[in-house]
Every structure is written in structure tokens, then in C-alpha cells.
1. Just to be sure I understand the filter: pairs with C-beta atoms under 9 Å, separated by 6 or more residues or on different chains, first member in region 143-158 and more than 22 Å from E122 (Cα to Cα), second member basic (K, R). Which pairs pass?
2. Conditions: (1) more than 30 Å from Q163 (Cα to Cα); (2) modelled with pLDDT under 90; (3) surrounded by 15 or more Cβ atoms within 10 Å (Cβ to Cβ). D99 meets all but one. Number of the miss?
3. Being over 23 Å from L115 (Cβ atoms) and part of a loop (DSSP other than H, G, I, E, B) is the filter here; which residues of region 226-259 pass it?
4. Would you check if E230 is surrounded by fewer than 20 Cβ atoms within 10 Å (Cβ to Cβ) and touching a residue at least 24 places away in the same chain (Cβ under 8 Å)?
5. Hey, can you tell me all the residues within region 21-39 that are among the small types (G, A, S) and in contact with a strand residue (DSSP E or B) (Cβ under 7 Å, 6 or more places away or on another chain)?
6. Which residue is surrounded by the most Cβ atoms within 10 Å (Cβ to Cβ), if the candidates are limited to region 73-92 and must be in contact with a Ser or Thr (Cβ under 7 Å, 6 or more places away or on another chain) and not in a helix (DSSP H, G or I)?
7. Sort out which residues of region 233-251 are more than 24 Å from I149 (Cα to Cα) and surrounded by fewer than 18 Cβ atoms within 10 Å (Cβ to Cβ), and write them in order of number.
8. Find the residue count for region 195-225, including only residues that are assigned to a loop (DSSP other than H, G, I, E, B) and either polar (S, T, N, Q) or under 20 Å from R258 (Cβ atoms) (or both).
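The values are calculated or read from the model by the stated rules, or taken from the named source; none is laboratory data. The model shown is predicted, which means the values in this text are computed figures rather than measured ones. Virtual Cβ from ideal backbone geometry, glycine too; neighbours counted across all protein chains shown.
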Amino acid sequence: MRGSLGVFNLFDLLQLLSQNHSKGCLNIFHPSQREGRVYFDTGRITHVSFGALIDADALRGLLRDERGNFEFAPGRTPPEETVTVGFDNLILSVIRELDDGMNTTERQIPLPGELDTPGVLEAEKLSALTLAADEFAVIELIDGERSVIQISQTSSLPLEVVQRTLVRLASIGLIEVKKRSPRVARLVVGLSREMTGLEICVDEVILRSWDKQSGRPVKRLRMRDEEGREFVFDAIGTPNLGAYALFSNNALMRFDLRANAQVLVKPEN
């Protein structure tokens, strides 16, 4: 197997060799005249070199500057076995450090949207992975139902930290993030002591999503309660509200709405 990096993604190439339980050496001929070597034994990386760098530092250097030609030589053995962690742990640690030094415009993989929903694909991998504190906090909240913004709010982690963590976990095949842009939101009725009028207050992330779908700012929302009654309210957005629809005490009494009841909310056309 041989080719050029740029046509082939190095990270995908490493995953392919690991998944195929390959044994041998991936030689990378870099334009800087440095040669990279990644040794595999039944899919596990056992040694990496890139110029004077070895192992995680070498792999980080190769992934940071993906250029040159490559060739896989089956059966080749390393001069020594220096990598003691499994493939996923090695890749995750390298990606983690690469991500920490990268700004938003440099990212090749787009961050997931605020309303996208992550789900765990490979639960059995969890026991073998050494997770950072942020990664563990995010994994604990992934249930296939919570959105990215809900995970951020529940974990008290900044939104971009959650998004970057999800990209890392998805890159090793641990999770999958499903694109979601719901037209109807299922929310829970709550009381706002700051509100006095007859408006409905929802999370600004939800409003922003509806704005994008509609191509214009959404000003009014239609709400349907559990009894099938429908009401239309002027919309107010607020940050970090999550899955709640807030009303003033006046609105709750006037429309006979119950706190903690579930309602369906959508933009009013």
C-alpha cells in the first residue's frame, strides 16, 4: 500500500491499519527530508519516529504537518517497542494536545452544532480508555437524547470545551454526533419571577436555530399543552435556559398553565 498524504488522510490511514490488525511499518517520506516510521503489531502501534522525535511527539509532528508520500512495508519490526498504551489511548492523547494548541479556524473537523445529539457507539472501549476530567464529564451525560447545549449546561463546561471534546471522542469512533435541527421543541413549563407580561421565554440557542431555519428572526411562538390547547406568545430568548419555557405568574394564571408540565413549542408562521 502506497500513496500521497493529502490524497489520503494520515489519521484515517492509521485507523485503517489498526482496524485491519496490520503488522509492519508505515514509512512516511516527508518533504522536510525527515522520514517518519509508524510500526504496527496486530493493529497496535509499538513505536513511532519522525526525525529526532519518537512516539507521541513523533506522531503529533506527523499529524500536525501531513505532507509527503507513504508506503506500508508488511512484516517489518521496530528497533525497539516503546509504546505501552493501546491505539485509542495513544491517538486520543495526541489529538488532545494538538487540539489544545489549535484555534477555531485551523480545525479540519467542524465543531458539532449546539442542538446536535451525541450517542455512544463503542461502550466497551470506555473501560480501556484513560479519559481527561472534561472528557469523563461529557461521556457521563451522553445518552442519545441530550443535545450539545444541554450537556454544556448540565456539566457547567463551556460550550466550546464540550464541542471540542465530542470531536476528539468521535475521531476515535467512540461516539457519533447526529445532526439535529428540530422544528418543534419539547419543553417544561417554569415560572420566571423577573417576567411580568404574557411572553414566553426560551433558550436563545433554540431561537437561534429557528431563526436559521426560517431565514428571518422568529418573533412569536405557538405552544401546545398536554390537553391540546394552543396559545401564541411573543418570544424572548435567554442564555443557559435549557429545556424550559418560562412564563410570568400572570401568564400561568391567565392561561391555566401548570409548572413542570411538558409542552410543545414551535415558531408561529
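1. Going by the 9 Å Cβ cut-off, the qualifying pairs are T154/R146.
2. (1)
3. Once the filter is applied, which keeps residues that are over 23 Å from L115 (Cβ atoms) and part of a loop (DSSP other than H, G, I, E, B), region 226-259 yields E226, E227, G228, R229, S248, F255, D256, L257, R258, A259.
4. no
5. S22, G24, G36
6. It comes out as V83.
7. Across region 233-251, the qualifying residues are N249, N250.
8. The qualifying residues number 6.
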